[in-house]
Amino acid sequence: MSVKDAIALLAGAVVVVSFLGSAKTPPATAASPLGNAGGTLPGLAPIISDGDKARARDLIQRLRVKGLGPNTGYRRTRYGENWADTASGVPYARNGCRTRDDLLARDGRDVRYRAGSRCEVVSMELEDPYTGRLIRWHKDDADEVQVDHVVPLNYGWRMGAPRWPMSKRLDFANDPLNLLPVEGDANEQKDASGPAGWLPPQRRIRCAYATRFAQVAFKYNLPVTPADKKAMLAECR
């Protein structure tokens, strides 16, 4: 190798190190929603035992039901700027990091940050709870991992959010309980559906997903449609 080539190689390595910055150690194993009421633990572990399924059904049974309301007036901005650190009543609020980065750091393994930043995630590994796929993600292909609102913002709007104060809408949109980093394609297939219209392709996670949906709805006093409640109960039998 010539001196010129060696210098070029070293310069490239410096650029890579500078871009990646520091790394975070792997997080704990994915948590069951039954032990993660605040949403600060990573991922979504299956609910398997009969006792835990009974607890999940008890929660789902407590949800109010009503028909899906109109979509009148809905825009994403009704919940504030996308991923802005402006909520005040939820974990990670006003910590100086965008909500999306908070969630990538919560659920990712081998998380790396941009040099000079304690917030901006540029690469990680994610075991997608919806498909079971291991994703080696890099910010150059940002949409490969998207952060899903378990209870979609549009769904919340149609079930009562227009009557909320802006502070509650900000919390709902940025609450880690309502947010999961997942495969982008799966998130796009889900769109604004409730559980009667869409469930994760990975069947073993469906009761956990239904439970997380119910936790969010219960926390924000949102009703669900009769069909969604029926679908959630069926997944936890």
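What follows is calculated from the coordinates using simple rules that are stated; it is not laboratory data. No experiment lies behind these values; they were computed from the predicted model shown. Quick reminder, even Gly has a Cβ in these numbers, built from the backbone with ideal geometry, and neighbours come from all protein chains shown.
Tabulated values for the structure
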{"item": "Relative contact order (%) - criterion: Cα under 8 Å, at least six apart; region: the chain", "result": "28 percent"}
{"item": "17 Å Cα-Cα reach of K229 towards aspartates and glutamates, excluding residues that sit fewer than 8 places from it in its own chain", "result": "D58"}
{"item": "At R0 = 30 Å, FRET efficiency that the Cβ-Cβ distance of T131 and N71 yields, to 0.05", "result": "0.60"}
{"item": "Lys, Arg +1 and Asp, Glu -1 on Cβ, resulting dipole of the chain about Cα centre, debye, nearest 20", "result": "1020 debye"}
{"item": "Cleavage-rule hits (GluC sites (Glu not before Pro)) in the range 53-158: DSSP loop, at most 13 neighbouring Cβ within 10 angstrom", "result": "E81"}
{"item": "Rg/Rh for the range 28-123, where both radii come from Cα atoms and Rh is the Kirkwood radius", "result": "1.06"}
{"item": "Added length on full extension, which subtracts the Cα-Cα distance from 0.36 nm per residue, E81 to D191", "result": "37.7 nm"}
{"item": "Qualifying trypsin sites (Lys or Arg not before Pro) in the range 106-185, DSSP loop, other Cβ atoms within 10 Å at most 15", "result": "R118, R133"}
{"item": "Cα pair distances exceeding 17 angstrom across the range 139-214, given as percent", "result": "47 percent"}
{"item": "Proximal aspartates and glutamates relative to K139, as straight alpha-carbon distance under 13 Å, when same-chain residues fewer than 8 apart are discounted", "result": "D101, E120, E125"}
{"item": "Kirkwood hydrodynamic radius of the range 3-235, Cα pairs, Å", "result": "18.7 Å"}
{"item": "Cα-projected label distance for D141 with K230, points at 7 Å along beta-carbon direction, nm", "result": "4.0 nm"}
{"item": "Cβ-derived FRET efficiency at R0 35 Å, A115 paired with Q61, nearest 0.05", "result": "0.10"}
{"item": "Whole-Å distance, taken between Cα centres, linking the range 167-204 and the range 54-77", "result": "13 Å"}
